[in-house]
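Engineer: Okay, here's the structure, questions in a sec.
Where a number appears in this text, it was derived from the coordinates with a stated rule and is not lab data. Computed from a predicted structure; not experimentally measured. All Cβ positions, even for glycine, are placed from backbone atoms using ideal geometry, and neighbour counts span all protein chains on display.
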Amino acid sequence: MSIVIRNGTVVNATGAYPADVLVEGERIAALAAPDSGLAQQWASGAERVIDAAGKYVVPGGIDGHTHMEMPFGGTFSADNFETGTIAAAWGGTTTIVDFAVQGKGTSLLSALDKWHSKADGNCAIDYGFHMIISDVNDTSLKEMEACIDAGVNTFKMFMAYPGVFYATDGEILRAMQKARDTGSMIMMHAENGIAIDQLVAQALASGHTDPVQHGLTRPPELEGEATSRAITLAKVTGSPLYIVHLSAAHALDAVTQARDTGQNVFAETCPQYLFLSLDDLAKPDFEGAKYVASPPLRPKEHQAELWRGLRTNDLSLVSTDHCPFCFKDQKELGRGDFSKIPNGMPGVEHRMDLLYQGVVKGEITLPRWVEISSTTPARMFGLYPRKGVIAPGADADLTVYDPTARQTISASTHHMKVDYSAYEGMELTGKVSTVLSRGRVVVDDNAFHGAAGHGTFLKRDLSQYLV
Ligand code: URP
Ligand code: ZN
Ligand code: ZN
């Protein structure tokens with residue numbers, strides 16, 4: 001099947017220019033100037049021509065942080081690999097990297113098998129895995145090597161959630177030594193969970209049970225402290241470090257300082273920290289539960305710092321941390337006790353659109369939009385140049401984006417399997433018009449044309465930001 005995307009503006013991380021894109025089979029075959037004889041020849045010979053006049057043609061988005069069917073707080077996140085990847089495709093994302101979870105007392109490899117069986121044959125777009133290590137011991141440290149051989153070379157650890165995923169500094173140190181020795185990377189959930197648990201217990205004992213307490217008992221200083229500690233452990237061990245879902249200026253300061261000294265420290269933030277705030281967590285009548293995720297939403301002042309970090313590259317990229325729980329029956333588990341609200345928010349469908357608002361508002365440039373949503377994730381997670389760039393030979397994962405279309409986010413129109421939207425009623429400029437996943441049109445003309453099972457597992461190389 002040959003497809004030509006005609007008359008659009010191709011936007012890569014390096015810049016934007018008018019070009020026609022020829023897709024042959026699953027890959028991009030060539031680019032040509034739209035007024036060239038070559039482009040006209042392609043258009044007349046192609047099986048399908050997609051008119052992208054007035055639109056941007058960008059590499060499909062890569063969401064490097066999702067949790068489909070994740071066990072948490074006695075329940076499971078509401079999207080499975082089928083519904084979650086279809087929703088991602090609707091929003092112009094053509095690759096996800098999801099987190100396999102090692103349970104306490106189980107092995108990394110059995111967790112990997114389990115996640116393969118959840119995902120294989122069910123994904124509408126390509127996918128890879130990170131591994132959550134919640135039980136550090138000689139066996140799991142050894143198993144990190146087998147995970148790396150299997151294309152899973154990023155290992156998330158938690159300084160939060162004592163008794164569940166929490167790792168001690170000593171355990172983190174040991175895993176970091178293994179990451180250093182193998183060229184792999186430790187990803188860190190950096191919040192001081194021991195101190196937070198005391199604050200949570202004190203709040204509950206004083207009768208403070210509302211969702212806003214989730215934010216008040218996890219102050220930004222405790223994210224800053226944990227981030228600094230993780231950076232120190234990375235320095236001592238010589239391990240690269242990737243801070244996930246960074247939400248607070250305090251943590252960003254620590255990352256910026258480390259990067260200024262040349263340490264291999266990277267960080268992502270998420271749309272919810274750029275657009276939502278502690279005010280949302282404080283919504284009355286338990287509405288705030290919709291916004292419970294960790295780290296929590298911060299006071300508005302942090303948002304400007306995060307946008308600055310995205311401009312200066314102290315924040316390398318934006319992932320969603322998509323971990324949806326329905327308001328009814330799932331978030332409601334925490335009525336009367338905020339600590340029982342399952343942690344996580346939906347977002348995989350709207351990352352590209354929300355970040356495009358940064359272009360509209362002048363926070364980031366058009367190529368930077370592509371860089372933080374696709375190119376850097378591809379490089380960070382060992383997928384470049386197969387993914388993350390519009391260039392000959394790359395997978396034909398392409399999003400045609402209409403920069404002038406208007407849309408309003410709503411749970412009544414979104415495709416995620418969750419009964420609310422954290423951005424309900426938000427009016428946006430820009431909208432996906434067509435999406436290709438490995439040469440197959442999966443979204444076009446407001447309809448889904450893909451299929452569960454089209455997505456393939458991506459065995460990832462080591463991070464391309466490490467020498
Ligand atoms: O609240 C969150 N972020 N839930 C998902 C698990 C995690 O810590 O990333
Ligand atoms: Zn986390
Ligand atoms: Zn997460």
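Engineer: What's the local net charge at ASP314, with K and R +1, D and E -1, over the other residues with C-beta under 12 Å away?
Structural biologist: -1
Engineer: Another question about this same structure. Find how many whole Å separate the alpha carbon centroid of segment 373-391 from the alpha carbon centroid of segment 17-83.
Structural biologist: Centre-to-centre distance over Cα atoms comes out at 13 Å.
Engineer: What angle do you read, to the nearest 10 degrees and between 0 and 90, between the alpha-carbon axis of helix 169-182 and the longest principal axis of the chain?
Structural biologist: With both axes taken from Cα atoms, the answer is about 30 degrees.
Engineer: Just how large is the dipole of segment 141-246 about the Cα centre, in debye to the nearest 20, putting +1 at every Lys and Arg Cβ and -1 at every Asp and Glu Cβ?
Structural biologist: The dipole magnitude comes to about 240 debye.
Engineer: Using DSSP to call loops (not H, G, I, E or B), can you name the chymotrypsin sites (Phe, Trp or Tyr not before Pro) in segment 262-369 whose Cβ has at most 16 other Cβ atoms within 10 angstrom?
Structural biologist: PHE327
Engineer: How high is the relative contact order of the chain, given as a whole-number percent (alpha carbon pairs under 8 Å, six or more residues apart)?
Structural biologist: Relative contact order of the chain: 22 percent.
Engineer: Can you give the net charge of the other residues whose Cβ lies under 13 Å from the Cβ of ALA289, counting K and R as +1 and D and E as -1?
Structural biologist: Value of the local net charge: -2.
Engineer: Can you give me the Kirkwood hydrodynamic radius for the chain, using every pair of distinct Cα atoms, in Å to one decimal?
Structural biologist: Radius from the Kirkwood sum: 22.2 Å.
Engineer: Hey, which lysines would be in cross-link range of LYS114, C-alpha to C-alpha under 24 Å, not counting anything within fewer than 8 residues on its own chain?
Structural biologist: Within the straight-line limit of under 24 Å, LYS114 reaches these lysines: LYS104, LYS142, LYS156, LYS178, LYS417, LYS459.
Engineer: Describe numerically, in nm with one decimal, the distance between label points set 7 Å from Cα along Cα→Cβ at HIS116 and at ASP260.
Structural biologist: Rounded to a tenth, the inter-label distance reads 4.6 nm.
Engineer: Kirkwood Rh over alpha-carbon pairs of segment 386-431, then Stokes-Einstein at 20 °C and 1.002 mPa s: what D in µm² s⁻¹, rounded to an integer?
Structural biologist: Rounded, D is 165 µm²/s.
Engineer: Each label point is 7 Å from the Cα along the Cα-to-Cβ direction; what then is the distance between the points at LEU366 and ASP329, in nm?
Structural biologist: A separation of 4.6 nm, rounded to one decimal place.
Engineer: Please turn the phi angles of segment 155-164 into ³J(HN,Hα) values with the Karplus equation 6.51 cos²θ - 1.76 cosθ + 1.60 (θ = phi - 60°), one per residue in order, whole Hz, x for glycine and proline.
Structural biologist: 10, 8, 10, 10, 8, 10, 6, x, x, 10
Engineer: Oh, and also: Counting Lys and Arg as +1 and Asp and Glu as -1, each charge on the Cβ, what is the dipole of the chain about the Cα centre in debye, to the nearest 20?
Structural biologist: In debye, rounded to 20, the chain gives about 460.
Engineer: Mind jotting down the three principal axis lengths of segment 125-263 based on Cα atoms? Whole angstrom, largest first.
Structural biologist: 50, 37, 33
Engineer: Right, something else. Could you give the size of the charge dipole of segment 248-394 about its Cα centre, using +1 on the Cβ of each K and R and -1 on the Cβ of each D and E, expressed in debye and rounded to the nearest 20?
Structural biologist: With only Lys, Arg, Asp and Glu charged at Cβ, the dipole is about 360 debye.
Engineer: Let me check the size of segment 309-448 from its C-alpha atoms; what are the radius of gyration and Dmax in Å?
Structural biologist: 16.9, 56
Engineer: ALA19: net charge of surrounding residues, Cβ under 13 Å, Lys/Arg +1, Asp/Glu -1, itself excluded?
Structural biologist: The answer is 0.
Engineer: Here is a follow-up. Report, as a whole number in µm² per second, the diffusion coefficient that Stokes-Einstein gives for segment 36-147 at 37 °C and 0.692 mPa s using the Kirkwood radius over alpha carbon pairs.
Structural biologist: Estimated via Stokes-Einstein, D reaches 197 µm²/s.
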